[in-house]
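First up is the structure itself, then whatever we jot down about it.
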Amino acid sequence: MRGRTGQYLVVLIVVVAAVLFLRARQAREAAPPPAPATQTTGQPAGQPAKLPDLGGREIKIGSDTTYPPFETVDEQKKIVGFDPDMMDEICKRVNCKSNFVTTAWDGIFVALGQGQFDAVVSGVTITEERLKTIDFSEPYLQYGQVVLVREDETAISGVDALAGKKVAVQTGTTNDEKATALQKEGKVGEVRRYETFALAVKALINKDVDAVIIDSYAADGYIQVNPGKLKTVGDPFTSETLGIALKKGNTTLKEAFDAALIQMKADGTLDRLYKTWFVERASSK
């Protein structure tokens with residue numbers, strides 16, 4: 001009796017072991033493969049871990065280079081400013097090369113849509129109307145429109161003091177749209193439109209107009225290059241954002257530029273560029 005019971009016990013152990021082995025094997029085969037180990041990179045929250053790679057391609061950028069401190073042509077005929085520095089930094093991060101091309105503002109978005117440029121970077125305001133025909137990157141600056149006048153102006157104290165006054169703008173800008181709207185409301189006298197803001201500001205200095213409606217950052221730029229001749233009055237009376245304009249549907253560039261801008265905001269690069277072009281240069285004048 002003892003001998004047969006031992007044989008049964010051995011058989012039972014073998015059967016149980018076989019069943020357990022089969023179940024473990026089935027469970028292992030059904031389980032998903034193990035996830036790779038998570039590597040801590042020190043990447044700030046909100047930043048993409050890896051930026052897109054544009055393969056070293058040239059980015060042809062249309063720009064109205066009469067708009068300091070965003071972009072202007074220096075004495076060496078080089079295009080310099082906040083926007084060129086920003087695009088150089090973006091291209092360092094996503095492997096491209098920026099090539100700024102001076103072009104007139106009038107028709108610049110048509111040229112973008114026709115593929116003459118890969119992007120337009122020229123202090124471009126993001127608007128609902130423009131979004132119907134072109135795409136924009138992440139916003140990179142926020143600003144307001146202001147009233148620019150001559151340094152000795154005493155009668156104009158802000159946007160509410162422009163009734164009956166001659167106001168200059170650049171054709172086709174959001175400043176043009178705002179001046180037109182104010183004129184319809186009887187808050188602006190005559191609106192004079194110029195091909196560039198440089199010409200509008202020249203008309204102001206020459207006393208052909210009484211004021212210029214312009215973006216706050218650009219106003220600061222013209223004050224810097226015309227010391228003792230210009231000033232802004234009143235507070236900014238709009239709130240708007242700037243972005244990189246792209247051909248509708250160009251997701252490759254949009255994704256790359258957005259990723260780079262998000263990273264540049266997180267690591268302080270955009271703040272550094274802002275201080276260089278809008279704070280330090282202004283205080284040095």
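The values are calculated or read from the model by the stated rules, or taken from the named source; none is laboratory data. Nothing here was measured: the structure is a model prediction, and the numbers come from that model. Remember, those area values only see protein heavy atoms, side chains included, never the ligands or the DNA or RNA. Shrake-Rupley method; radii C 1.70, N 1.55, O 1.52, S 1.80 Å.
Accessible area of R193 (1.4 Å probe, protein heavy atoms only, ligands and nucleic acids ignored): about 110 Å².
For D220, the accessible area of its heavy atoms, probed at 1.4 Å with every protein chain present, is near 60 square angstrom.
For Y274, the solvent-accessible surface computed with a 1.4 Å probe is close to 70 Å², ligands and nucleic acids excluded.
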